[in-house]
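Take a look at the structure below.
The values are calculated or read from the model by the stated rules, or taken from the named source; none is laboratory data. Since we're looking at a predicted model, the values are computed, not measured. Reconstructed Cβ throughout: ideal geometry from the backbone, glycine too, with neighbour counts over all protein chains shown. Only protein heavy atoms, including side chains, enter the accessible area calculation; ligands, DNA and RNA are left aside. Shrake-Rupley method; radii C 1.70, N 1.55, O 1.52, S 1.80 Å.
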Amino acid sequence: ETGVTQTPRHLVMGMTNKKSLKCEQHLGHNAMYWYKQSAKKPLELMFVYNFKEQTENNSVPSRFSPECPNSSHLFLHLHTLQPEDSALYLCASSQDRAGRVGRQYFGPGTRLTVT
Amino acid sequence: GEDVEQSLFLSVREGDSSVINCTYTDSSSTYLYWYKQEPGAGLQLLTYIFSNMDMKQDQRLTVLLNKKDKHLSLRIADTQTGDSAIYFCAESNAGGTSYGKLTFGQGTILTVHP
């Protein structure tokens, strides 16, 4: 138990659906991250939020829309996804971007399948 | 940009030592990390080393850093079946626009046979 929870753990959606992934951290951290983990690629950083402000968007398609209403919650809104978007989506948090660099705590991930 | 490379598979017998290797390209890396991912779980930080160190030991884990060759290794002594997992090498640096950003390798799948 890392203190970072993600729901749902598994999601199957069609290409025309709209769904959201949720991440919550109970560690008092100020930075939160979304990563995509595919079978054949290294872990890809998608978005970074620091003190609720988005500080990084790694050229992610607009069909992925993040939202960070407060430092404890992070959402990833999904719409009109493609089958190649099927992957494990991991959320992580850290003290903040200026803290102990790289000490990120990961949630268990949401396994997304786009049909 | 930064790049981190690892071999994809390693298979060892229970009780033997495992050595997982990693190379990276960013000469300004400040910290280097080893993360472990068990099936169905997220990544868990195992250990990390600051770039001005060349070795760090933590119980069964030994991290060696050769900064000149940009080579990092993780040695697991007395490997157990519970060590079977994917091990990710990652690096970050403390400067510029990449501040705090982790770059991960592809991960090494360690399989431990009884």
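Against the globular-protein guess of 2.2 N^0.38 Å, express the Cα radius of gyration of the range B:1-56 as a ratio, rounded to two decimals.
For the range B:1-56, the normalised Cα radius of gyration is 1.31.
Suppose the chain between residue B:56 and residue B:17 were pulled fully straight at 0.36 nm per residue; how much longer would it get relative to their current alpha carbon spacing?
Between residue B:56 and residue B:17, full extension yields 12.4 nm more.
Which value results for Rg/Rh of the range B:23-105 when Rg is the Cα radius of gyration and Rh the Kirkwood radius based on the inverse mean 1/r?
Result: Rg/Rh = 0.98.
Considering the protein assembly as shown, what Rg and Dmax in Å follow from its alpha-carbon atoms?
Taking only Cα atoms of the protein assembly as shown, I get Rg and Dmax of 17.6, 52 Å.
Using Cα pairs closer than 8 Å and at least 6 residues apart in sequence, work out the relative contact order for chain A, in percent.
Answer for chain A is 37 percent.
What pairs in A:40/B:70; A:22/B:36; A:22/A:52; A:41/B:36 have C-alpha atoms more than 19 Å from each other?
A:40/B:70; A:22/B:36
Would you jot down the residues in the range B:28-51 that end up with at least 10 Å² less accessible area in the complete protein assembly than in the chain alone, with a 1.4 Å probe?
With the partner chains in place, the range B:28-51 has these residues losing at least 10 Å²: B:31, B:33, B:35, B:37, B:40, B:41, B:42, B:43, B:45, B:48.
If you take the beta carbon distance between residue B:25 and residue B:81 as r and set R0 to 45 Å, what does 1/(1 + (r/R0)^6) give as a FRET efficiency, to the nearest 0.05?
0.85
Carbon-plus-sulfur fraction of the accessible area of the range B:23-114, 1.4 Å probe, in percent?
Accessible surface attributable to carbon and sulfur in the range B:23-114 totals 50 percent.
Keeping every protein chain in place, order B:91, A:84, B:38, A:56 by accessible area at 1.4 Å, biggest value first, i.e. largest first.
Order by accessible area, largest first: A:84, B:38, A:56, B:91.
Which whole-number percentage describes the relative contact order of chain B, with Cα contacts under 8 Å and a sequence gap of 6 or more?
37 percent
Short version: ³J(HN,Hα) in whole Hz for each residue of the range A:6-23, in order, from phi by Karplus 6.51 cos²θ - 1.76 cosθ + 1.60 (θ = phi - 60°), x for Gly and Pro, what are they?
Working through the residues one at a time gives 9, 9, x, 7, 9, 8, 10, 9, x, 5, 9, 6, 10, 9, 9, 9, 10, 10 Hz.
Please report, in whole Å, how far the alpha carbons of the range A:1-103 spread along each principal axis, starting with the longest.
38, 26, 23
Quote the accessible area belonging to residue A:10 in square angstrom, nearest 10, computed with a 1.4 Å probe and with ligands, DNA and RNA left uncounted.
The accessible area of residue A:10 comes to roughly 140 Å².
As a test of reading the structure, rank A:51, A:64 by solvent-accessible area (1.4 Å probe, protein chains only), most first.
In descending accessible area the options line up as A:51, A:64.
Could you run the Karplus curve 6.51 cos²θ - 1.76 cosθ + 1.60 with θ = phi - 60° over the range B:7-13 and give me ³J(HN,Hα) per residue in whole Hz, x for Gly and Pro?
6, 7, 9, 8, 10, 9, 8
Report the accessible area of residue A:4, computed with a 1.4 Å probe over the heavy atoms of all protein chains in place, in Å² rounded to the nearest 10.
Number for this one is 0 Å².
Once you place label points 7 Å from the Cα toward the Cβ at residue A:59 and residue B:5, how far apart are they in nm?
Using points 7 Å along Cα→Cβ, the separation is 2.1 nm.
Taking every pair of alpha-carbon atoms in the range A:25-81, what share in percent sits in each 10 Å bin, from 0 to the bin with the longest distance?
It works out to 23, 52, 24, 2, in whole percents.
Determine the per residue accessible area of the protein assembly as shown with all protein chains present and a 1.4 angstrom probe, expressed in square angstrom.
On a per-residue basis, 47 Å².
What are the residues whose amide H is under 5 Å from the amide H of residue B:26, where those residues sit 5 or more places off or on another chain and H is modelled from the backbone?
Close amide H contacts, sequence-distant or interchain: B:3.
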